[in-house]
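J.: Let me begin by handing over the structure; questions about it come next.
The values are calculated or read from the model by the stated rules, or taken from the named source; none is laboratory data. From a predicted model like this one, the values you see are computed outputs, not experimental measurements. When we count neighbours, we look across all protein chains shown, and the Cβ atoms used for this are built from the backbone with ideal geometry, even at glycine.
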Amino acid sequence: GSTGIALGVPIARGIRDGRGFAPRSSGAAAVGLMTFFTFLQVGELFQTGTFTGLVVHDLLPPAARSQITWWRWFFVALPPFVVIGTATYLSLLFLFKPHREGRVNLEAVRLQQALLGPLTRHEIWSAVVLVALIAGFATRPYHGIAPAWLALGAFLLLFTLGALDQSAFQ
């Protein structure tokens, strides 16, 4: 959870700036809290989204484990995710009223686009490998490869392609 949230902080700041919310304003607080809660919840949506989900799944008896596929986990977790996410969103809208103070800041949006630039070859490969990894997780019942091996393969592929450098490997 904390790693995902740490990745979400710059995203929340970019949304805050793009919406024109001043730092420490109610709009900035709403964006920050929505980012925090979303990053906490999204891991639970996928069987492979958290370490705990993987451990719990692997501790189940084989008969129960065979019934809980990646897709079944997703579709069972989806309704509570939608309900909790909607309730969180509506609560933040009601408590912080960010729509009253925010306006799209086109200058901030253009700055973010200029800073990001076009997609690089490494970013494209990373997206392709991520999609392949998710497909691998979702199709585990058909090929039987454990998620840890799929993740290791994706990591090594990214390293081989140069998308990850030596410091990421260490």
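J.: Select from segment 47-58 the residues that are surrounded by 14 or more Cβ atoms within 10 Å (Cβ to Cβ) and in a helix (DSSP H, G or I) and write down the one among them that is farthest from the chain's Cα centre (by Cα).
T.: My answer is His57.
This table checks each residue for (1) at pLDDT below 80; (2) farther than 29 Å from Leu150 by Cα; (3) surrounded by fewer than 17 Cβ atoms within 10 Å (Cβ to Cβ); (4) touching a strand residue (DSSP E or B) at 6+ places or on another chain (Cβ under 9 Å).
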{"position": "Gly1", "(1), (2), (3), (4)": "yes, no, yes, no"}
{"position": "Gly8", "(1), (2), (3), (4)": "no, no, no, no"}
{"position": "Arg16", "(1), (2), (3), (4)": "no, yes, no, no"}
{"position": "Val31", "(1), (2), (3), (4)": "no, yes, no, no"}
{"position": "Leu45", "(1), (2), (3), (4)": "no, no, no, no"}
{"position": "Leu60", "(1), (2), (3), (4)": "no, no, yes, no"}
{"position": "Arg65", "(1), (2), (3), (4)": "no, no, yes, no"}
{"position": "Val76", "(1), (2), (3), (4)": "no, no, yes, no"}
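J.: Let me ask something else. Within the set of pairs 6 or more residues apart or between chains, which connect a residue that is over 23 Å from Leu164 (Cα atoms) and of a type in the set (S, T, N, Q) inside segment 105-120 to a residue that is assigned to a loop (DSSP other than H, G, I, E, B) and modelled with pLDDT of 85 or more with Cβ atoms less than 9 Å apart?
T.: Qualifying pairs under 9 Å: Asn105/Phe21.
J.: When the residues of segment 90-132 are filtered to those that are among the hydroxyl-bearing types (Ser, Thr, Tyr) and more than 14 Å from Ser26 (Cα to Cα), which remaining residue is surrounded by the most Cβ atoms within 10 Å (Cβ to Cβ)?
T.: Here the answer is Ser126.
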